[in-house]
Amino acid sequence: MTAPIRCREDETFVLNLGPQHPATHGVLRVKLTMDGEYVVKAEPVLGYIHRMHEKMAEDRTFAQFMPNTARMDYLHALAYNHGYVLTVERAAGIEVPERAEYIRVITVELNRLTSHLLWWAAFLLDLGGFSPLLYAFDDREQILDLLERVTGSRLTYCYFRFGGVYNDIDDDFITGTRNFIKRLRSRLPRLYHDLVTKNIILIKRLKDIGFVSKEQCRKYGATGPLLRGSGVQFDIRKNEPYSVYPEFDFDIPVYDEGDCMARYMVRMDEIEQSMRIIEQALDKLPDGPVRAKVPKILKPAAGDYYAAVEAARGSFGCRLVCNGDKSPYRLKLRSPTFSNLSLFGEVAEGMLLADALAFMGSLDLVIPEIDR
Amino acid sequence: MNQLPTNHAFPTHNAIGELIRHLFPGGAVYINGFLTIASLLLLVSILPVFLIWLERKVAAHFQARLGPMRVGYHGLLQSTADGLKLIFKEVLKPEGADTFVFFLAPTLPATATFLVMTILPFDRHLQVADPAGGVVYALGVSSLSILGILLAGWASNNKYSLLGAMRSGAQMISFEISLALIMLLIVMLTGTASLREIVLSQNGTILDWWIFKLPFLGLIAFVMYMISSTAELNRAPFDISEAESELTGGFATEYSGISFAMFFFAEFVNMFVSAGLATTFFLGGFLAPQIGIGAIDAAFNFIPGFIWFFLKTFLVIFLYMWFRWTFPRVRVDQLMYLEWKMLLPANLVLLMSSGFFLAMGWIL
């Protein structure tokens, strides 16, 4: 973008982007003040899908809130399962069998793959490329089939239980996962990188567009690929390890450019890293029970508990205040894209409409997670 | 081969035309005229239906799926069903829209494409009219579709429509220049602006087609024609005027029912016209490809010219579809950069060097 921006107060107009718009992936509304094709001011308006999940938690038992977690970030539901389960386990002092921890890591990483694949597909759709959508969905479908076998659902999983997981994995799942990783490894360079990443139009659309600095990330509390694309090495899996992640050898991809291309590359590299984690977890998978003995109604001791996990979009934090009752006194959820979206207004200023939407796509927004 | 005078006004001297002339010597002028217009109308209404089906099938196979399969054999009747549905849908007009202009706009692109169709040489003697300035006529009349899109965007009373129409206007006017320069190149090479004459100038073997003449310059000109006409057709990767993820539906956002169908159909007929012009200019039009082997050449010559014309045109259409389902969209300023800073200078250089080649007699 080279043209200087001349905005005259009296020559701008307001463009209402959403809540029904193909590029907002849900019911996000952005109030854009435009000067021709240039964005003068961008103001995200939230609340169209607010369902009061946090309030709901207060009059349910701990177990009854489990399905709600999957309905926030429906694309990486298992990470939300994981975050909530971790917090409650911390509160109630529940020990999780090792096999269950491994299964949790395998399924969460598989789910992360589906999330990144879907982001890739939708991002390309935002940029006007339609065919990649179908290629990514083809691969995503394989994972969904695998996860359906063990969890019983395809999108809004409720698979984790306090003290383990609902269901053990079988040999079919293990061989299926290995085959899938082999398949994705062969398809990634050909269908994803040769066809799309190296495409000159894509590079021109993403390079040096939507620059986000480290300071901006810190100011708004951005996490996930957005932060790692701006040159900050921060991943809860490494920085505040939980579950059995310390036992695996994997890298945290970091790019310093801070533009859309950097965020794109971070996610593409994370696909590879997730596959590495899954392979190692399958190799090391111990035998044993998948669920500890846990009372039906949990009554954790009064106190303040917190746990965070790395979801596909950034760190998901869960703060639980208990007063010794069978339901939480207060549950506060920290969802990553709420912070990531807050950046949008500042960064989108002065961008072309097409670039602003490419930038929005690179944030990987899931609206039900922002609104909760 | 060509016994008729070249400047004949109605080159429809085919079997049916002669038969009618023989049967009704007096009214033949009117009957033949009516028949040509009627058959052209028929073609214009069937083509988009087929092309939409083809587009969906091509897209589907690019994306490792089947596409429409239920209505008719391999979904052949799917777009007919969709078209019928659109006709029966209620036509909505947004509040505050300019009624007259709003309903006038969709008819303009359809009219423009129909008018260009009249001069396409489908076969040696299958062409409604062959004006001496056919190239100029094609350029002039096809600009009508820009007008339709601009009016649609303006009359819709919708900001997305307006943005789409403005983008489209800028885009089509810019790329028209490139397109005109490439056509000028062909006119310069052939020394005539009549489309039929341009085709006949490529008579001979396959190497006499303009795409293979002028060492490599013909091929470059063809590639540039493909780029500029893709932009002119508002097709991906240059579909910024209806960029779905940016402007929802661009200029057609507020259109529904039959008025949307008019835009949609015109878009596809336009693609056919553009591919037909590419065939006429570069691929020898209705001439059978001759490769210099007697038996094969004779067999190819046996196939009627209009089949060759349609085959070549659909080949070019396939190229358009291939572009569309492969590339992501360019940005609006990148598109303008492509035209004004890259294509236009390249076109001028091409035109000059071709002139030089022509003067030196290096046509090959």
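The values are calculated or read from the model by the stated rules, or taken from the named source; none is laboratory data. Keep in mind it's a predicted model, so treat the numbers as computed, not measured. No Cβ is skipped: glycine too gets one built from the backbone with ideal geometry, and neighbour counts run over all protein chains shown.
Applying the selection to segment A:220-241, what residues are part of a helix (DSSP H, G or I), in contact with a Phe, Trp or Tyr (Cβ under 8 Å, 6 or more places away or on another chain) and surrounded by 18 or more Cβ atoms within 10 Å (Cβ to Cβ)?
Filtering segment A:220-241 for residues part of a helix (DSSP H, G or I) gives A:220, A:225-228, A:236-239.
If we keep only those that are in contact with a Phe, Trp or Tyr (Cβ under 8 Å, 6 or more places away or on another chain) too, we end up with A:227-228, A:236-238.
A:Leu227, A:Arg228, A:Ile236, A:Arg237 - these are the residues of segment A:220-241 that are part of a helix (DSSP H, G or I), in contact with a Phe, Trp or Tyr (Cβ under 8 Å, 6 or more places away or on another chain) and surrounded by 18 or more Cβ atoms within 10 Å (Cβ to Cβ).
Mind listing just one residue for me: the one in segment B:248-264 that is in contact with a Ser or Thr (Cβ under 7 Å, 6 or more places away or on another chain) and outside any loop (DSSP other than H, G, I, E, B) and, of those, farthest from the other protein chains (Cβ to nearest Cβ)?
The extreme case among them is B:Met262.
With the structure loaded, tell me whether B:Lys341 is on the phi < 0 side of the Ramachandran plot, among the basic types (Lys, Arg), within 14 Å of chain A (Cβ to nearest Cβ) and free of Cβ contacts under 8 Å to residues at least 60 places away in the same chain or whether it fails that test.
On the way: on the phi < 0 side of the Ramachandran plot: yes; among the basic types (Lys, Arg): yes; within 14 Å of chain A (Cβ to nearest Cβ): yes; free of Cβ contacts under 8 Å to residues at least 60 places away in the same chain: yes.
Yes.
For A:Arg154, which of the numbered conditions (1) assigned to a helix (DSSP H, G or I); (2) more than 14 Å from every other protein chain (Cβ to nearest Cβ); (3) under 22 Å from the mean Cα position of the chain (by Cα); (4) not β-branched (Val, Ile, Thr) fails to hold?
Of (1) assigned to a helix (DSSP H, G or I); (2) more than 14 Å from every other protein chain (Cβ to nearest Cβ); (3) under 22 Å from the mean Cα position of the chain (by Cα); (4) not β-branched (Val, Ile, Thr), only one is false for A:Arg154: (1).
Looking at (1) crowded, with 17+ Cβ neighbours inside 10 Å; (2) closer than 30 Å to A:Leu352 by Cβ; (3) of a type outside the set (Lys, Arg), find the lone condition where A:Phe211 falls short.
Failed condition: (1).
For segment B:212-247, how many residues are out of contact with any Gly (no Cβ under 9 Å at 6 or more places or on another chain), within 22 Å of B:Leu319 (Cα to Cα) and part of a loop (DSSP other than H, G, I, E, B)? Break it down into steps so the answer makes sense when it comes.
We begin by selecting, within segment B:212-247, every residue out of contact with any Gly (no Cβ under 9 Å at 6 or more places or on another chain); these are B:213-233, B:235, B:238.
Pick out the ones that are also within 22 Å of B:Leu319 (Cα to Cα) and you get B:213, B:216-233, B:235, B:238.
Next, only the ones that are part of a loop (DSSP other than H, G, I, E, B) stay: B:213, B:216, B:233, B:235, B:238.
So the count comes out to 5.
Going residue by residue through segment A:19-31, is there one that turns out to be more than 14 Å from chain B (Cβ to nearest Cβ), surrounded by fewer than 16 Cβ atoms within 10 Å (Cβ to Cβ) and at pLDDT below 90?
no
Give segment B:153-191 a look and list any residue that's assigned to a loop (DSSP other than H, G, I, E, B) and either in contact with a Cys (Cβ under 7 Å, 6 or more places away or on another chain) or without any contact (Cβ under 8 Å) to a residue 40 or more places away in the chain (or both), or say none. Talk me through it step by step, then tell me what you get.
Our first condition is that a residue be assigned to a loop (DSSP other than H, G, I, E, B); within segment B:153-191, this holds for B:156-158, B:191.
Listed by number, the list holds a single entry, B:Gly191.
From the residues in segment B:133-162 that are more than 12 Å from the chain's Cα centre (by Cα) and under 17 Å from B:Gly285 (Cα atoms), which one is modelled with the lowest pLDDT?
Here the answer is B:Gly134.
For residues that are surrounded by fewer than 19 Cβ atoms within 10 Å (Cβ to Cβ) and among the aliphatic types (A, V, I, L, M), scanning just segment B:303-338, find the one that is farthest from the other protein chains (Cβ to nearest Cβ).
Filtering first and then ranking leaves B:Ile303.
Within segment B:135-145, work out how many residues are assigned to a helix (DSSP H, G or I) and surrounded by fewer than 22 Cβ atoms within 10 Å (Cβ to Cβ).
We begin by selecting, within segment B:135-145, every residue assigned to a helix (DSSP H, G or I); these are B:135-142, B:144-145.
Narrowing further to those that are surrounded by fewer than 22 Cβ atoms within 10 Å (Cβ to Cβ): B:136-137, B:139-141, B:144.
Number of matching residues: 6.
For residues that are more than 10 Å from every other protein chain (Cβ to nearest Cβ) and not acidic (Asp, Glu), scanning just segment A:192-202, find the one that is farthest from A:Trp120 (Cα to Cα). Steps first, answer last, please.
Step one: list which residues in segment A:192-202 are more than 10 Å from every other protein chain (Cβ to nearest Cβ), which gives A:192-194, A:197-198.
Still in the running and not acidic (Asp, Glu): A:192-193, A:197-198.
Working: A:Tyr192: 9, A:His193: 11, A:Thr197: 11, A:Lys198: 14 Å.
Per the criteria, the residue is A:Lys198.
Among the residues of segment B:14-21, are any among the acidic types (Asp, Glu), free of Cβ contacts under 8 Å to residues at least 12 places away in the same chain, surrounded by fewer than 16 Cβ atoms within 10 Å (Cβ to Cβ) and over 30 Å from A:Phe130 (Cα atoms)?
yes
Looking at A:Arg330, A:Arg372, A:Arg313, A:Arg319, can you tell me which residue is in contact with a His (Cβ under 6 Å, 6 or more places away or on another chain) and either of a type outside the set (A, V, I, L, M, F, W, C) or farther than 22 Å from A:Val232 by Cβ (or both)? Reasoning before the result, please.
Working: A:Arg330 fails: in contact with a His (Cβ under 6 Å, 6 or more places away or on another chain); A:Arg313 fails: in contact with a His (Cβ under 6 Å, 6 or more places away or on another chain); A:Arg319 fails: in contact with a His (Cβ under 6 Å, 6 or more places away or on another chain).
Criteria check complete, one pass: A:Arg372.
Give the residues of segment A:37-47 that are buried (at least 16 other Cβ atoms within 10 Å of the Cβ) and not aliphatic (A, V, I, L, M), sorted by residue number.
Listed by number, the residues that qualify are A:Glu37, A:Tyr38, A:Lys41, A:Pro44.
Among the residues of segment B:26-43, is any on the phi > 0 side of the Ramachandran plot, surrounded by fewer than 17 Cβ atoms within 10 Å (Cβ to Cβ), assigned to a loop (DSSP other than H, G, I, E, B) and more than 26 Å from the chain's Cα centre (by Cα)? Lay out the reasoning, then the answer.
Narrowing segment B:26-43 to residues on the phi > 0 side of the Ramachandran plot: none.
No, that holds for no residue.
With free of Cβ contacts under 8 Å to residues at least 12 places away in the same chain, more than 14 Å from chain B (Cβ to nearest Cβ), in contact with a Lys or Arg (Cβ under 9 Å, 6 or more places away or on another chain) and surrounded by fewer than 21 Cβ atoms within 10 Å (Cβ to Cβ) as the only criterion, which of A:Pro189, A:Pro253, A:Pro246 stands out? Working first, answer last.
Values: A:Pro189 fails: in contact with a Lys or Arg (Cβ under 9 Å, 6 or more places away or on another chain); A:Pro253 fails: free of Cβ contacts under 8 Å to residues at least 12 places away in the same chain.
After ruling out the rest, the residue left standing is A:Pro246.
So which residues in segment A:60-85 are surrounded by 24 or more Cβ atoms within 10 Å (Cβ to Cβ) and part of a helix (DSSP H, G or I)?
Once the filter is applied, which keeps residues that are surrounded by 24 or more Cβ atoms within 10 Å (Cβ to Cβ) and part of a helix (DSSP H, G or I), segment A:60-85 yields A:Thr69, A:Ala77, A:Leu78, A:Ala79, A:Tyr80, A:Asn81, A:His82, A:Gly83, A:Tyr84, A:Val85.
Given the criterion closer than 29 Å to B:Ala81 by Cα, more than 14 Å from chain A (Cβ to nearest Cβ) and hydroxyl-bearing (Ser, Thr, Tyr), identify the matching residue among B:Ser229, B:Ser241, B:Ser274. Spell out the reasoning first.
Numbers: B:Ser229 fails: closer than 29 Å to B:Ala81 by Cα; B:Ser241 fails: more than 14 Å from chain A (Cβ to nearest Cβ).
None of the others qualify; the one that does is B:Ser274.
Would you list the helices (runs of 4 or more DSSP H) that sit entirely within segment A:266-372 and hold 1 or more residues that are within 14 Å of chain B (Cβ to nearest Cβ), touching a residue at least 24 places away in the same chain (Cβ under 8 Å) and buried (at least 17 other Cβ atoms within 10 Å of the Cβ)?
Details: elements: A:336-348, A:353-363, A:367-371.
Output list reads A:336-348, A:353-363.
Which residues, taken from segment A:242-265, are of a type outside the set (A, V, I, L, M) and assigned to a helix (DSSP H, G or I)?
Within segment A:242-265, A:Tyr245, A:Pro246, A:Glu247, A:Cys260, A:Arg263, A:Tyr264 qualify.
Just checking, how many residues over segment A:79-130 are closer than 30 Å to A:Pro189 by Cα and either out of contact with any strand residue (DSSP E or B) (no Cβ under 7 Å at 6 or more places or on another chain) or within 14 Å of chain B (Cβ to nearest Cβ) (or both)?
Qualifying residue count for the region: 27.
To keep it simple, each residue is scored yes or no on (1) farther than 26 Å from B:Val187 by Cβ; (2) hydrophobic (A, V, I, L, M, F, W, C).
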position	(1), (2)
B:Phe281	no, yes
B:Ala298	yes, yes
B:Phe318	yes, yes
B:Ser353	no, no
B:Phe356	no, yes
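From (1) touching a residue at least 60 places away in the same chain (Cβ under 8 Å); (2) among the hydroxyl-bearing types (Ser, Thr, Tyr); (3) under 21 Å from A:Glu346 (Cβ atoms), pick out the condition that doesn't hold for A:Ser230.
Exception for A:Ser230: condition (1).
So B:Leu92 ticks every box in (1) in contact (Cβ under 8 Å) with a residue 40 or more places away in the chain; (2) touching a Phe, Trp or Tyr at 6+ places or on another chain (Cβ under 8 Å) but one. Which box is left unticked?
With respect to (1) in contact (Cβ under 8 Å) with a residue 40 or more places away in the chain; (2) touching a Phe, Trp or Tyr at 6+ places or on another chain (Cβ under 8 Å), B:Leu92 is out only on (2).
Quick check on A:Ile169: is it more than 14 Å from chain B (Cβ to nearest Cβ), part of a loop (DSSP other than H, G, I, E, B) and surrounded by fewer than 24 Cβ atoms within 10 Å (Cβ to Cβ)? It would help to see each step written out before you state the result.
On the way: more than 14 Å from chain B (Cβ to nearest Cβ): yes; part of a loop (DSSP other than H, G, I, E, B): yes; surrounded by fewer than 24 Cβ atoms within 10 Å (Cβ to Cβ): yes.
Answer is yes for this residue.
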